[in-house]
Amino acid sequence: MEAIAKPLPRVTPELAPLFAAARERKLVVQRCSGCGQLRFPPRELCSHCWSRESTWTPVSGRGEVFSFYWMHQIYHPGFAVEVPYAVVIVALDEGPHVLSNMVDCSREELRVGLPVEVTFQDASPEVTLPKFRPRR
């Protein structure tokens, strides 16, 4: 039986800087040009000052697990071989929260407050995905 490919995020003009940085193994978030607030996920307006201007800035990729769950439901056949897998919200050291997957982590090890660091998974020539693993 042939494996079914997972759906990948579209590299839109708005997200192109995020994916370009990920291909270089860097994690970036938006910085509001009006007030300096860091934000993720990327969006058009700053929720603090309503400015539409922003730049992309590198962050350390280090933080801790803020919340998590184990995905058991198969919503797309491309993910069937990975179930169960961990979905995490990581509170980055710089402040923003990132939704991603946890890798290289056992069910017993994963907990709120676990120190983590970013790692990258090449999904296609255009898409590299930031994921997180325990900091050792």
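Only the coordinates and a few stated rules stand behind these numbers; no lab work does. Because the structure is predicted, anything quoted here is derived from the model rather than measured. We place every Cβ from the backbone using ideal geometry, glycine too, and count neighbours over all the protein chains shown.
Here are a few things to note about the model shown:
- Free-standing Cys residues across the chain, given no other cysteine C-beta under 4.7 angstrom: Cys105
- Relative contact order computed over the chain (Cα-Cα under 8 Å; 6+ residues apart), in percent: 23
- Remark: His48, His72, His97 ranked as His72, His48, His97, counting other beta-carbon atoms within 10 Å and listing the fewest first.
- The chain, helix-only ellipticity at 222 nm - DSSP H runs n ≥ 4, -39,500 (n - 2.57), divided by all residues, nearest 500: -1500 deg cm²/dmol
- GluC sites (Glu not before Pro) restricted to the stretch 1-95 and DSSP loop, no more than 15 other C-beta within 10 Å: Glu2, Glu14, Glu24, Glu44, Glu53
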